[in-house]
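Working notes, structure below.
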Amino acid sequence: MFQKRSGFTLIELLVVIAVIGISVTLAVPSWQQVSQKRNLTSAAEQVAALMSFAQTEAQKRNRTISLAFNRTDNLDWCVGSTLGSSGCNCDQTDSQSSGFCTIDGSPSSVGAAAFKFLKLVEASDSQPVGGDSFITFDPLRGILQPAGDMLQFTFESANGDFQLRLLISPTGLMRICNPDSDKQVGGYKSCVI
């Protein structure tokens with residue numbers, strides 16, 4: 001008589017391993033794309049939140065709030081805000097330093113350290129005063145100073161496949177948009193109107 005053996009044959013195990021291998025091979029690139037988009041979106045949203053906070057604080061306190069940004073290369077960048085019109089150094093890490101970006105003792109900056117491998121490919125001020133890295137928010141209306149100024153930051157994913165731009169209009173309106181139709185991130189409109 002034949003005895004029935006339980007278990008799997010070698011062929012069955014090899015087929016299962018091959019199916020798992022193919023599935024993983026197809027899923028990894030997709031996961032990397034999702035991760036790149038999420039990192040890019042997070043950076044643009046955090047910088048926008050910092051700027052919105054600075055703008056709101058200027059109006060709430062009826063005091064000028066300055067916003068400083070620094071970009072030494074694509075992977076080394078920061079944005080920070082502080083009370084007053086003298087500005088701050090967003091690269092400063094010593095909280096006891098007079099140039100540290102802070103509002104009421106709380107650090108008020110975001111930069112490349114929080115977003116490894118994310119690039120800031122453009123940071124521009126349409127009316128630079130004393131360099132292309134410093135603006136202030138008017139305490140009455142929350143608009144950029146000097147009047148008519150515009151600010152623009154363009155972030156790019158590490159692999160270069162995606163871009164988002166943060167725009168601040170002369171009236172202080174902020175928006176995040178897709179600057180390049182070939183590098184779009186879902187959920188954001190095109191920058192071209």
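The HN-Hα couplings worked out from phi for region 65-70 by the Karplus form 6.51 cos²θ - 1.76 cosθ + 1.60 (θ = phi - 60°) are 10, 9, 10, 10, 9, 9 Hz, whole numbers, x standing for Gly and Pro. How about K60: which aspartates and glutamates have a C-alpha closer than 20 Å to its C-alpha, ignoring those fewer than 8 places off in the same chain? Straight-line reach from K60, under 20 Å: D104, D138. Expressed as a fraction of 2.2 N^0.38 Å, the C-alpha radius of gyration for region 80-143 is 1.22.
Only lysines eight or more places from K37 in sequence, or on another chain, were considered; those with a Cα closer than 29 Å are K116, K119, K183, K189. Between region 144-193 and region 43-62, the alpha-carbon centres lie 16 Å apart.
Here semi-axes √(5λ) of the Cα gyration tensor in Å was calculated from the structure, and among [x] 30, 18, 16; [y] 30, 21, 18; [z] 48, 19, 14 it sits at label [z].
Dividing the helix sum by the residues of the chain, where each DSSP H run of 4 or more adds -39500 (n - 2.57), gives a mean residue ellipticity at 222 nm of -10000 deg cm²/dmol.
Taking θ as phi - 60° and the Karplus parameters 6.51, -1.76 and 1.60, the scalar couplings of region 7-24 work out to x, 10, 7, 4, 4, 4, 5, 5, 5, 4, 4, 5, 5, 5, x, 5, 4, 5 Hz in sequence order, x denoting glycine and proline.
Just so you know, all these numbers are worked out from the coordinates, no wet-lab data involved. This structure is a prediction, so every number in the text was calculated from the model and none was measured.
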